[in-house]
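Written out below as structure tokens is the structure these notes cover.
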Amino acid sequence: MTEKLTLGWEEWVSLPKLGLPAIKAKIDTGARTSALHAFAVEPFGSNDRPRVRFGLHPIPNRPDVEIYCSARVIDRREITSSNGETELRYIIETPLRVGPREWPVEISLTNRESMQYRMLIGRHALMKDDVVEPRHSFVQEELSYDVYKPQAAKVPVQRSLRIAVLTREPDNYSTQRLIEAATARDHVVELIDTRRCYININAFAPEVYYDSVPLPRFDAIIPRIGASLTSYGMAVVRQFETLGTYCVNTSASIGNSRDKLLAHQLLAKHGIGMPVTAFASSPKDSDNLIEMVGQTPLIIKLLESTQGRGVVLAETKKAAQSVIGAFRNLNANFLVQEFIKEAEGVDIRCLVVGGKVVASMKREAQTGDFRSNLHRGGVARAVRISKEERETAIRAAKILGLEVAGVDLLRSQTGPKVLEVNSSPGLSGIESVSRKDIAGLIVQHIERRAHPIVRRPRRA
Ligand code: ADP
Ligand code: MG
């Protein structure tokens, strides 16, 4: 670890915790503190744990490759540069790797885009026995800028991330757990009330405003968009996507799952098992719709239903006809569905994160009800799911494009039937039943996916 280094006047280095695997640095023993060239320097975080986020073009003369880094601030200092100018700079501390050695160094951030070297290593960063050979360059292992190619190494980030949760419910369990899990892993979470966002749709400078100020750049967005705000929430998420921010679920995938008809069509197209379902906007006779699905009892569901509120079990054809008639008079959108009797009021929630089922539970309806929703008095219990159920859940999330999803299944005689797929699954029930840190798993998924933003020029 503390082996001595011999350095030339220029060396390839890396700053692993900043997500910078290769930087050409100049070794300048005339300078005390090391410096990294940074632009768009934005402080964030709390007073007792201040952070800074900044942009960097790691490759000289390649302004198209742009990376955003975050680091903990340890100080702000007046630094005088070689040209005699004094500037108040943020000082960060982060591990520096040169050849075989990695050690923490202090680095000041300064915006000098014109400099030939993105980093300058000052004498404070060197250890006592290190030797600088001013006549040699690249004495240590040489690296390559190829690591900044978009397809390069998909290693999880180790830097402190700036994450925003889009939600209207700052106090709810899921939001609080996401904050807790991210903070425990040294990230910073900000809550953004989707309703208070407004958007500047501009090809050159797209921005999301919040209470009349543009929002900073986030590394990742966790959308938790309630059913009442789907289309506006999706527009906000889409805007973050335009900015290059990693969104845990994309707006398109949220749209796929929210629109029950679309979700049913996509899942059916890919051969996912579902209860036989029919829908119609205004067929002349309800009988046809009923016959398409089979015999009674059958389920009639309002498309906007959540928490089991718009789901009706019609025991007889007469009952089905009158419910359909009533829904139609209200101009409500609904679907008619085969009743999976053998499910016996139990449904299975599979929580999918990054293509894996990380937890599952079953929900049992209150006696006398067929709806297992916890809001309807259902009870959550642990369950072991079969391989087929696991695969169905994973495929359903994938087909809709969701990286985090709650997939609800019914157990039928002919295998698992997908009922619905939720893009902002609640964490409370599933964490307490499974005793797993699901919020932590979501944060780890973000670390795997939130690569430094590398911006490429738009083609004219
Ligand atoms: P919501 O979006 O309101 O939760 P769901 O489609 O999930 O609507 O239905 C609510 C509950 O009703 C389900 O969790 C399940 O227990 C029961 N249910 C829904 N559809 C069926 C069906 N086709 N067969 C049997 N039970 C069903
Ligand atoms: Mg449901």
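The values are calculated or read from the model by the stated rules, or taken from the named source; none is laboratory data. Here the structure is a predicted model, which is why all the values come from computation and not from measurement. Positions of Cβ are backbone-derived with ideal geometry, glycine not excepted, and every protein chain shown enters the neighbour counts.
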In the range 77-92, which residue that is surrounded by 15 or more Cβ atoms within 10 Å (Cβ to Cβ) and not β-branched (Val, Ile, Thr) is modelled with the lowest pLDDT?
SER81
Quick check, is LYS387 surrounded by fewer than 22 Cβ atoms within 10 Å (Cβ to Cβ), within 29 Å of ALA184 (Cβ to Cβ) and of a type in the set (D, E, K, R)?
no
Pick from GLU338, GLU304: which is more than 16 Å from ligand 2 (Cβ to nearest atom) and either at pLDDT below 95 or in contact with a Pro (Cβ under 6 Å, 6 or more places away or on another chain) (or both)?
GLU338
Quick check on the range 259-303: of everything there that is more than 12 Å from ligand 1 (Cβ to nearest atom) and of a type in the set (Val, Ile, Thr), which residue is surrounded by the fewest Cβ atoms within 10 Å (Cβ to Cβ)?
THR296
Any chance you could count how many residues in the range 115-135 are under 22 Å from LEU20 (Cβ atoms) and among the acidic types (Asp, Glu)?
1
Could you check LYS356 against (1) more than 16 Å from ligand 1 (Cβ to nearest atom); (2) touching a residue at least 12 places away in the same chain (Cβ under 8 Å); (3) more than 30 Å from ALA252 (Cβ to Cβ) and say which number it fails?
(3)
Among the residues in the range 137-158, are any on the phi < 0 side of the Ramachandran plot, assigned to a strand (DSSP E or B) and surrounded by 20 or more Cβ atoms within 10 Å (Cβ to Cβ)?
no
Condition first: modelled with pLDDT under 95 and charged (D, E, K, R). Can you find one or more residues in the range 399-415 that meet it?
no
For the range 323-341, state whether one or more residues are small (Gly, Ala, Ser), outside any loop (DSSP other than H, G, I, E, B) and surrounded by 15 or more Cβ atoms within 10 Å (Cβ to Cβ).
no
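Find the residue count for the range 358-368, including only residues that are outside any loop (DSSP other than H, G, I, E, B) and either acidic (Asp, Glu) or more than 10 Å from ligand 2 (Cβ to nearest atom) (or both). Please lay out each step first, then the result.
Taking the range 358-368 and keeping what is outside any loop (DSSP other than H, G, I, E, B), we get 358-364.
Still in the list and also either acidic (Asp, Glu) or more than 10 Å from ligand 2 (Cβ to nearest atom) (or both): 358-362, 364.
Residues meeting the conditions: 6.
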Being basic (Lys, Arg), modelled with pLDDT of 95 or more, within 34 Å of the chain's Cα centre (by Cα) and within 22 Å of SER434 (Cβ to Cβ) is the requirement here; does ARG376 meet it?
no
Of (1) within 16 Å of ligand 1 (Cβ to nearest atom); (2) surrounded by fewer than 19 Cβ atoms within 10 Å (Cβ to Cβ); (3) of a type outside the set (Gly, Ala, Ser), PRO214 satisfies every one except (1)
Criterion violated by ARG371 - all others in (1) within 16 Å of ligand 2 (Cβ to nearest atom); (2) touching a helix residue (DSSP H, G or I) at 6+ places or on another chain (Cβ under 7 Å) satisfied
(2)
The condition from (1) more than 26 Å from GLY226 (Cα to Cα); (2) away from ligand 1 (no atom under 13 Å from the Cβ); (3) of a type outside the set (A, V, I, L, M) that ARG381 misses is numbered (1)
Contact list please: Cβ distance under 6 Å, first residue in the range 409-437 and more than 26 Å from VAL165 (Cβ to Cβ), second residue within 13 Å of ligand 2 (Cβ to nearest atom) and part of a helix (DSSP H, G or I), pairs at least six apart or on different chains.
LEU410/ALA343; ARG411/ALA343
Just checking, does the range 386-397 include any residue being touching a residue at least 12 places away in the same chain (Cβ under 8 Å), of a type outside the set (S, T, N, Q) and under 23 Å from ASN172 (Cβ atoms)?
yes
Please work out which residue is farthest from ligand 1 (Cβ to nearest atom), limiting yourself to the range 304-322 and to residues that are of a type outside the set (Gly, Ala, Ser) and surrounded by fewer than 16 Cβ atoms within 10 Å (Cβ to Cβ).
LYS318
How many of the residues making up the range 394-429 are surrounded by fewer than 22 Cβ atoms within 10 Å (Cβ to Cβ), within 16 Å of ligand 2 (Cβ to nearest atom) and in a helix (DSSP H, G or I)?
2
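Filter the range 367-376 down to the residues that are away from ligand 1 (no atom under 11 Å from the Cβ) and either surrounded by 20 or more Cβ atoms within 10 Å (Cβ to Cβ) or of a type in the set (S, T, N, Q) (or both) and list them by number. If you could, list the steps in order and put the result at the bottom.
Narrowing the range 367-376 to residues away from ligand 1 (no atom under 11 Å from the Cβ): 367-368.
Of everything in the range 367-376, just one residue is away from ligand 1 (no atom under 11 Å from the Cβ) and either surrounded by 20 or more Cβ atoms within 10 Å (Cβ to Cβ) or of a type in the set (S, T, N, Q) (or both), namely THR367.
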Is one or more of the residues making up the range 244-254 under 19 Å from ILE399 (Cβ atoms), touching a helix residue (DSSP H, G or I) at 6+ places or on another chain (Cβ under 8 Å), touching a residue at least 12 places away in the same chain (Cβ under 8 Å) and within 16 Å of ligand 1 (Cβ to nearest atom)?
yes
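Return the residue satisfying two criteria in turn: it lies in the range 10-64 and is among the acidic types (Asp, Glu) and surrounded by fewer than 16 Cβ atoms within 10 Å (Cβ to Cβ), and of such residues it is farthest from GLU141 (Cα to Cα).
Among those residues, the one meeting the criterion is ASP48.
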Are there any pairs with C-beta distances below 8 angstrom linking a residue in the range 42-59 that is of a type in the set (Lys, Arg) to a residue that is in a loop (DSSP other than H, G, I, E, B), with the two at least 6 apart or on different chains, and if so which?
ARG51/SER160; ARG53/PRO216; ARG53/ARG217
